[in-house]
Each structure stands twice: as C-alpha cells, then as structure tokens.
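Student: Take a look at this one; I'll ask things after.
The values are calculated or read from the model by the stated rules, or taken from the named source; none is laboratory data. Please read all numbers here as calculations on a predicted model, not as lab measurements. FYI the Cβ positions are ideal-geometry reconstructions off the backbone, even for glycines, and counts take in every protein chain you see. For the accessible areas, the whole protein counts, side chains as well, though only heavy atoms, and no ligand, DNA or RNA atoms are used. Shrake-Rupley method; radii C 1.70, N 1.55, O 1.52, S 1.80 Å.
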Amino acid sequence: MQATVITLFPDYFRGPFDCGPTRVARADGKLALSFVNPRDFTSDAHRTVDDYPFGGGAGMVMKPEPLAAAIENARQPSSLVVLLSPQGELFSQALAEEFSRSDQLVLVCGRYKGVDERVRSLCDREVSAGDYVLAGGEAAAVIIIEAIARLLPGAVGDEDSVATDSFTAGILDAPYYTRPREFRGREVPEVLVSGDHSSVARWRREQALKTTAQRRPELLRTEVLTESEREFLCRELEKEIIDG
Ligand code: ADE
C-alpha cells in the first residue's frame, strides 16, 4: 500500500512510523509512506496556507488553492482520498479493514479551524479519530496508518493475534496474563494453566462476552451467541445484580 499524508507538518511524523508493525510493514515493502506539504503549492512570497474566515469569527481556515493542488498532486487513479476532521465518520476497525484493502490511500490533514468547505468535494471520504477536537488531522493520520499497517499481511508476527483483537471479532477482547503465575497475591486463572485448549478457548470467549456486556453492551446486538453463551451471560448478569 502507498499512503500519502497531506500535511503542513511532515516533521510530526518523525518517529511513530519507525516502531512496531508500521516499521515492519515499511521494511518489508508492504507499506510506502510519503508526505505532501500544501505549503509547497503556494505562489506568494509568504507561502500562505491559511486565511480569515468569511463572516468573521475566531481562528483561521486552510485556504483551498494550496490544499487542492496538494491533493491533485497526490491523487492517483486508484486513490482513496480521506479528509480528516471531527465532522467525519468515526474511525473504526471496519474502516481500518476497508482502507487496508486500498492500494493508494491519501490522508488529508486539516489544521486551524479546518479546511475551506470547497476542498471537501475533492475528497472521497471524511473520517474522524473520535469525538474530540485535535490540533489537526496529524494525530488522526497516525492512528489510521497504524491500525491499517498491522492488518497488512506479515506486519504482526502472529496473524491469529490480529484475528482475535477487540473489534476484529466484533466484541472486546478477553483478559491476558503472563508470568509470574502469582503477582501481588493475585493468581492467574486456573483454566489458563490447565493445558486444556478447548476450555481456554471457551473461557476466553466467555470473558470477552462478559467484558463486552459490561462496557460496550451495544456491540452484542450483532453478535451471534450460542445457547450456553446466553446462559453464561444471564448468570453473570444475575450475579452482578445480586452481589453488586
Ligand atoms: N482534526 C481535529 N480533530 C480531529 C478529529 N477528532 N479527527 C480527525 N481529524 C481531526
């Protein structure tokens, strides 16, 4: 995959892509990153990229001409151009999977109050990293590229690990433990050291369902449950109601 980030701050990206799965994906040639700076597409002496908003109000707006020129420079026939903004569709594992199938991704980072509205129509999608306002789209671009990179084949050592991630499976993940078996008086659940793989799988699935029911119950609406999983959740719910 070729990912191009359109940003006024290419230096922002020094570091985050040199670690973990993103570094591996780049080293293996699965992911190529490039940066395009709208400032390089200005024609005035001050290399102006922002201006006051028509109608007044606080903050500056990214001018359309340099940004449009940068997008048009980066866009290839197969590109998926994504504008990053708090007004966009919430980023999710489903979007990470969809974007990971694209071979040419362009991420457009806004700054200041945002981008001139007319730039939006030059983009195919608009995506938000979450319901909060960042200083710009750069942190959102890091999140998106990292979520995509670990889905590219070979980027994560163990493909099964990706397959059981929270959200890949549609629900939250089970708890994990490693050595020592006892830490500050707390033991690792017995089933995990039993060597019984089917019991471990069942325990993990049940714990994942329980955590999801407690923290993100809406995710269970689309999850197919067996009769015994339903019974397990009902028992857990009963315990919670009675024992508090
Ligand atoms: N720019 C500012 N806030 C943002 C957000 N939440 N997601 C994506 N881009 C942004």
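Student: ASP124 versus GLU182, label points 7 Å from Cα toward the beta carbon: distance in nm?
Tutor: 5.7 nm
Student: GNM on the chain, C-alpha springs below 10 Å: top fluctuator among GLU190, GLU98, GLU231?
Tutor: Sorting by GNM fluctuation, first place goes to GLU190.
Student: Continuing with this model, one more query. Which chymotrypsin sites (Phe, Trp or Tyr not before Pro) in segment 17-116 sit in a loop by DSSP (not H, G, I, E or B) and have at most 11 other Cβ atoms within 10 Å of their own Cβ?
Tutor: PHE54
Student: Indicate, rounded to the nearest 5 percent, the antiparallel portion of the DSSP beta bridges found entirely in the chain.
Tutor: Of all bridge pairs located within the chain, approximately 20 percent are antiparallel.
Student: Let me ask another. How far apart, in nm, are two points set 7 Å out from the Cα along the Cα-to-Cβ line at PHE9 and at ARG39?
Tutor: Roughly 1.2 nm, to one decimal.
Student: Hey, what's the chain come to in accessible area per residue, 1.4 Å probe, Å²?
Tutor: It amounts to 59 Å² per residue over the chain.
Student: Let me ask something else about it. Would you please name the trypsin sites (Lys or Arg not before Pro) within segment 100-134 that are DSSP coil residues with at most 11 other C-beta atoms within 10 Å of their C-beta?
Tutor: In loop regions of segment 100-134 (DSSP not H, G, I, E or B), the sparsely surrounded trypsin sites (Lys or Arg not before Pro) are ARG101.
Student: Using a Förster radius of 41 Å, what is the FRET efficiency between ALA69 and ALA94 based on their Cβ-Cβ separation? Nearest 0.05, please.
Tutor: E between ALA69 and ALA94, to the nearest 0.05, is 0.80.
Student: Keeping every protein chain in place, order ARG216, ARG235, ARG186 by accessible area at 1.4 Å, biggest value first, i.e. largest first.
Tutor: ARG186, ARG235, ARG216
Student: What are the extents of the Cα atoms of segment 38-142 along their three principal axes, in Å, largest first?
Tutor: Here the spans come out as 41, 31, 21 Å, largest first.
Student: To the nearest 0.05, how large is the calculated FRET efficiency for CYS19 and ASP131 if R₀ is 25 Å and r is the Cβ-Cβ distance?
Tutor: 0.40
Student: Please report the equivalent ellipsoid semi-axes of the chain, computed as sqrt(5 x eigenvalue) of the Cα gyration tensor, largest first, in whole Å.
Tutor: So the three semi-axes of the chain are 43, 21, 16 Å.
Student: Also: In the neighborhood of ALA139, defined by Cβ-to-Cβ distances under 15 Å, what is the net charge if each Lys or Arg adds +1 and each Asp or Glu adds -1?
Tutor: Net charge around ALA139: -2.
Student: Once every DSSP H run of n ≥ 4 in the chain is given -39500 (n - 2.57) and the sum is divided by its residues, what mean residue ellipticity at 222 nm do you get, rounded to the nearest 500 deg cm²/dmol?
Tutor: Rounded to the nearest 500, it is -10000 deg cm²/dmol.
Student: Here is a follow-up. Just to confirm the filter: which chymotrypsin sites (Phe, Trp or Tyr not before Pro) across segment 145-244 are DSSP coil and have at most 10 other Cβ within 10 angstrom of their Cβ?
Tutor: TYR176
Student: Separate question: How far apart, in nanometres, would the label points at GLU190 and ARG101 be if each is projected 7 angstrom from Cα along the Cα-to-Cβ direction?
Tutor: Here the answer is 4.6 nm between the modelled labels.
Student: How large a share of the accessible area of the chain, in percent, is made up of carbon and sulfur atoms when the probe is 1.4 Å and the other protein chains stay in place?
Tutor: Summing carbon and sulfur atoms, their accessible area is 52 percent of the total for the chain.
Student: Another question about this same structure. Find how much the distance from SER166 to LYS239 grows on full extension, using 0.36 nm per residue of separation minus their present alpha carbon separation; answer in nm with one decimal.
Tutor: Result for the pair: 23.8 nm of gain on full extension.
Student: Okay, next question. Between segment 1-39 and segment 175-197, how many Å separate their Cα centres?
Tutor: Cα centroid of segment 1-39 versus Cα centroid of segment 175-197: 39 Å apart.
Student: Taking 25 Å as R0, compute the FRET efficiency from the Cβ-Cβ separation of ARG221 and ALA139 and round it to 0.05.
Tutor: 0.25
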